[in-house]
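To start, the structure itself, in structure tokens.
The values are calculated or read from the model by the stated rules, or taken from the named source; none is laboratory data. Note that this is a predicted model, so its numbers are computed, not measured. Here Cβ is always computed from backbone atoms with ideal geometry, including for glycine, and neighbour counts include all displayed protein chains.
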Amino acid sequence: MLIKRIKTFFKAFARHAENDFTKVPMDTWSKRFNLCMSCEEIGNTIPETCKQCGCVIYLKTEWASEECPKGKWKKYEGK
Ligand code: SF4
């Protein structure tokens, strides 16, 4: 599990770097974060992680290049 989370983090970080470290606006972050917090896939960890992808929620939700593995929210493209 730890190895999977490390691999997932580095893949997500590489996408974030390739996307010029772009973060989403606060309102988009808030919508994403609230969807995650009410999702059945939220892990019982601190910090909270997604059981589908293993990502740390507060990072995953602020990076524009990320998207929900279950399609609940999409990659941010400035819209
Ligand atoms: S990223 Fe998607 S599947 Fe994972 S906790 Fe958030 S809403 Fe649920």
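Checking TYR76 against (1) in a helix (DSSP H, G or I); (2) surrounded by 13 or more Cβ atoms within 10 Å (Cβ to Cβ), only one condition comes out false. Which one?
The failed condition is (1).
May I ask you to verify whether LYS74 is touching a residue at least 24 places away in the same chain (Cβ under 8 Å) and within 11 Å of the ligand (Cβ to nearest atom)?
The answer is no for LYS74.
Could you check, for region 22-41, whether at least one of its residues is in a loop (DSSP other than H, G, I, E, B), among the basic types (Lys, Arg) and either touching a Pro at 6+ places or on another chain (Cβ under 7 Å) or without any contact (Cβ under 8 Å) to a residue 60 or more places away in the chain (or both)? If you could, list the steps in order and put the result at the bottom.
Initially, region 22-41 is screened for residues in a loop (DSSP other than H, G, I, E, B), giving 22, 24-25, 38-41.
Okay, now just the ones that are also among the basic types (Lys, Arg), so none.
Taking every residue of region 22-41 in turn, none turns out to be in a loop (DSSP other than H, G, I, E, B), among the basic types (Lys, Arg) and either touching a Pro at 6+ places or on another chain (Cβ under 7 Å) or without any contact (Cβ under 8 Å) to a residue 60 or more places away in the chain (or both).
Working carefully through the options THR61, THR45, THR28, THR22, find the one that is surrounded by 12 or more Cβ atoms within 10 Å (Cβ to Cβ), modelled with pLDDT under 95 and hydroxyl-bearing (Ser, Thr, Tyr).
THR45
Limited to region 8-19, what total is found for residues that are assigned to a helix (DSSP H, G or I) and either on the phi > 0 side of the Ramachandran plot or surrounded by 14 or more Cβ atoms within 10 Å (Cβ to Cβ) (or both)?
Selection size over region 8-19: 6.
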